[in-house]
Amino acid sequence: MLAALAACSLVACRLPYTNPPLAPETPIPTTLPGTVAATNEPSIIPTLSPPETFITSQYRLVATLDFAAHYLAVSQQITYTNNRAQALDKVPLVVPVADELITISSVGYDRGTDWSYNGNRLGGLIELMLARPLLPGEVLQIEIEFAIAVPERPTLLGWSTRQMTLIDWYPFVPPLDAERGWLINEPTQQGEHLVYESADFDVSIYTVNAPSLLQIAAPAPAERREGATHYQLSNARRFVWAASGHYQSETVQAGQDRTPITIYFFEEEQTAAQAALRTAAASLEIYENLFGTYPYESLAIVECIFPDGMESDGIFFLDMGYFRRYDGTQRNLLTMLTAHEVAHNWFFGAVGNDAGNEPWLDEALATYAELLYYEQAHPLDLDWWWQFRIQQWEPAGAVDSTAYELPGFRPYVNAVYLRGALFLHAVRQQVGDQAFYTFLKDYYAAYTGSIANKEDFLDLLQQSTGEDMSALVAEYFNGGD
Ligand SMILES: [Zn+2]
């Protein structure tokens, strides 16, 4: 999220969706679906040797979108690999869709029939009880049939007369942390809360009752065959997309692999869209030099109808209002936030983090990346950036605050994003530009495909720079390190 508002087969069973009776030993969730309390026990049986190679889980999604009816029918296959050192006797799936919008018609998997679903207006949770433990390195095949009645709302999953956006539209297996268990967070008022394991996606989209000019904005290059559009996205947190009969689109190429960047916009915003496209191209090239190679095959920018914006792998969304208020200069939210969202491909996409509990890990870096962009692309606008983005808010609060503990959106942004950027700037001033840039490259290389936490970040910072960061950590973080 950008936070600039106010200023940014194998299937042994096919069960009808009936909420089957829970086995006696299955705890009945007493908190919101999707909370840690219901499923945080990692079901440890024996501790065994971890798999020798880390195999990414795979998601195959075949979706049929009835555009006029705003109805999405999906066949989903998940090839889930147990990448951890413990055997599992159950596997949860986060359902990030309100229960009144989703109909789960069947859940099948190759180690049992005893599953449960519990959902409410905030989302839900499917639990698969395994008849035989899933040992480290073993694979579980899951098949789910579901449908979504997409609501008419300006939200991440919704439609308007302008477009339909489909963000967090399928069940997924959350990451399993060796110490904390399944990383399943409660929703938060101030930011994102879902945590995703890096996975491979194979997505096929069929459209019916759609306008002839329908365009799909997606996070990977499209291949059209057999009446569908196919996408493959590797090592990504999630696959999100949008569709509209009103999009105009323009494409440029940028970076060492000549990555195609396409912006999808509404026709009255062409000038602003072209500016955002130039900013995206320039920032991608700057970040490749500073962080490492852009992690995906393409990048899509989507002018959207929901407020603010949203990052994802290979695609991001920015509020129509930012386009409308574009003033022809670099000193505006569209330019600043485009640079911010591009940076999330490295920090959110490639390097994952717990968005609910450690949001600073991607948001501070994405915010500071704005400055890195301005330094190289618009060096005369640095004073403006510092004043407009940081100083006018007099940011306070611990950088490592969770999204749950701060009293509102502005205090959350001030602590996590803005003081986060100040912390990174202080680190840079202490260690010097070269050591700071080397650390950014080291961090990206070390944690691509993983989920980093505060200790990972600070330990690598110390190791990479050889500098004692304890004074800065004490100044900026909750109770120091
Ligand atoms: Zn952000």
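The values are calculated or read from the model by the stated rules, or taken from the named source; none is laboratory data. The structure displayed is predicted, hence computed values, not measured ones. Heads up, the Cβs are rebuilt from the backbone with ideal geometry, glycines too, and the neighbour counts pull from every protein chain shown. Heavy atoms of the whole protein, side chains included, go into the accessibility calculation; ligands, DNA and RNA do not. Shrake-Rupley method; radii C 1.70, N 1.55, O 1.52, S 1.80 Å.
Some notes on this structure:
- Contacts under 6 angstrom Cβ, first residue in region 339-352 being on the phi > 0 side of the Ramachandran plot, partner away from the ligand (no atom under 11 Å from the Cβ) and not hydrophobic (A, V, I, L, M, F, W, C), 6 or more apart: none
- Residue that is farthest from Leu461 (Cα to Cα), among those in region 400-430 that are of a type in the set (Phe, Trp, Tyr) and open to solvent by less than 50 Å² (accessible area, probe 1.4 Å): Tyr412
- Residues of region 424-461 classified as in contact with an Asp or Glu (Cβ under 7 Å, 6 or more places away or on another chain) and in a helix (DSSP H, G or I), total: 6
- Scan region 147-194 for residues that are open to solvent by less than 30 Å² (accessible area, probe 1.4 Å), of a type outside the set (Gly, Ala, Ser) and not in a loop (DSSP other than H, G, I, E, B) and the total you get is 8.
- When Ile263 is tested against (1) under 30 Å from Gln77 (Cβ atoms); (2) part of a strand (DSSP E or B); (3) open to solvent by less than 30 Å² (accessible area, probe 1.4 Å), exactly one condition is not met: (1).
- Counting only residues that are open to solvent by 10 Å² or more (accessible area, probe 1.4 Å) and at positive phi, region 94-146 holds 2 of them.
- Residue check, Tyr322 more than 17 Å from Ile286 (Cα to Cα), touching a Ser or Thr at 6+ places or on another chain (Cβ under 6 Å) and more than 12 Å from the ligand (Cβ to nearest atom): no
- Selection within region 286-328 - over 20 Å from Gly349 (Cβ atoms) and open to solvent by 10 Å² or more (accessible area, probe 1.4 Å): Ile305, Pro307, Asp319, Met320, Gly321, Arg324, Arg325, Tyr326, Asp327, Gly328
- The single condition from (1) within 16 Å of the ligand (Cβ to nearest atom); (2) closer than 27 Å to Thr293 by Cα; (3) open to solvent by 10 Å² or more (accessible area, probe 1.4 Å) that Gly352 fails is (3).
- Entry remark, region 358-406: residues being modelled with pLDDT of 95 or more, touching an Asp or Glu at 6+ places or on another chain (Cβ under 8 Å) and away from the ligand (no atom under 14 Å from the Cβ) number 4 in total.
- Taking the conditions (1) under 21 Å from Pro219 (Cβ atoms); (2) within 15 Å of the ligand (Cβ to nearest atom) in turn, Met336 satisfies each one other than (1).
- Filter pass, Gly397 being under 25 Å from the mean Cα position of the chain (by Cα) and either surrounded by fewer than 24 Cβ atoms within 10 Å (Cβ to Cβ) or of a type in the set (D, E, K, R) (or both): yes
- The single condition among (1) closer than 28 Å to Thr165 by Cα; (2) open to solvent by 10 Å² or more (accessible area, probe 1.4 Å); (3) among the polar types (S, T, N, Q) that Gln376 does not satisfy is (1).
- Ala343 hydrophobic (A, V, I, L, M, F, W, C) and surrounded by fewer than 24 Cβ atoms within 10 Å (Cβ to Cβ): no
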